[in-house]
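Notes for the one structure printed next.
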Amino acid sequence: MDTALAEFDQKQLRDAFGHFATGVCVVGFVGQDGTKVGITVNSFTSLSLDPALLLVCLGTNLRSHDAMVSTGGFGVSVLSEDQRDISGRFATRGGPKWDGMAFIEGKEGALMVPGAIAWFDCEAEAAYPAGDHTILVGRVRNFMADKDKRPLLFFRGAYGQAA
């Protein structure tokens, strides 16, 4: 480990990273044991148009990390501004997050949130270790985008809205 980086105050670094406004997404899938899994992430980006690829970053400390990295398929739902409660539900550790909630099921167990501003049904393409996270690359098999909805944003540790 680079000692210069080790000397950074992690809270200050996290706060500095928080100055980049992001959207809020839910990554969801059905595990090999049939359990529905989902987490809230804000580290999501398009990667390639040809082939159609995206990526999400998953903390290695997540209980569901290994299952997510080894999944065959997963869904990414970009939440709309009226889905703050869903973001909170999937950001909470533990518990059956999908219970009592509608979902869209894609191929190979991908789960997407209805009412999202956009969703992507992905086949897991690759996983790369990166510090305390894993970069999970997905090949987009299907997607939906609603041009009439506005995104849920996250900035400096709080939710916000697009102007």
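The values are calculated or read from the model by the stated rules, or taken from the named source; none is laboratory data. These numbers come from a predicted model, not from an experiment. We place every Cβ from the backbone using ideal geometry, glycine too, and count neighbours over all the protein chains shown. Keep in mind that these areas ignore ligands, DNA and RNA; they rest on the heavy atoms of the full protein, side chains included. Shrake-Rupley method; radii C 1.70, N 1.55, O 1.52, S 1.80 Å.
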Next item on the list: Identify, among G73, Q83, A21, the residue whose Cα sits farthest towards the positive end of the charge dipole of the chain, taking +1 on the Cβ of Lys and Arg and -1 on the Cβ of Asp and Glu, with the dipole about the Cα centre.
Entry: Q83
Margin query: At most 16 other C-beta atoms within 10 Å and a DSSP loop state: those are the exposed chymotrypsin sites (Phe, Trp or Tyr not before Pro) I care about. Give me the longest piece of the chain that has none.
Written below: 21-163
Next item on the list: Find out how many positive minus negative residues lie around G72, taking Lys and Arg as positive, Asp and Glu as negative, among other residues whose Cβ is under 13 Å from that of G72.
Entry: -1
Check: Size of the dipole of the chain about the Cα centre, Lys and Arg at +1 and Asp and Glu at -1 on the beta carbon, nothing else charged, in debye to 20?
Finding: 340 debye
Checklist line | Portion, in percent, of the accessible area of the chain that falls on carbon or sulfur, probe 1.4 Å | finding: 54 percent
Next item on the list: For every helix of n ≥ 4 consecutive DSSP H residues, a contribution of -39,500 (n - 2.57) applies; sum these over the chain, divide by its total residues, and give [θ] at 222 nm rounded to the nearest 500 deg cm²/dmol.
Entry: -3500 deg cm²/dmol
Checklist line | For the chain, accessible area per residue (1.4 Å probe, heavy atoms of protein chains only), Å² | finding: 59 Å²
Check: So how strong a dipole does the stretch 36-85 carry about its Cα centre when Lys and Arg Cβ are +1 and Asp and Glu Cβ are -1, to the nearest 20 debye?
Finding: 200 debye
Notebook entry, point to check: Over the chain, what is the relative contact order in whole percent, taking alpha-carbon pairs under 8 Å and six or more residues apart?
Noted result: 28 percent
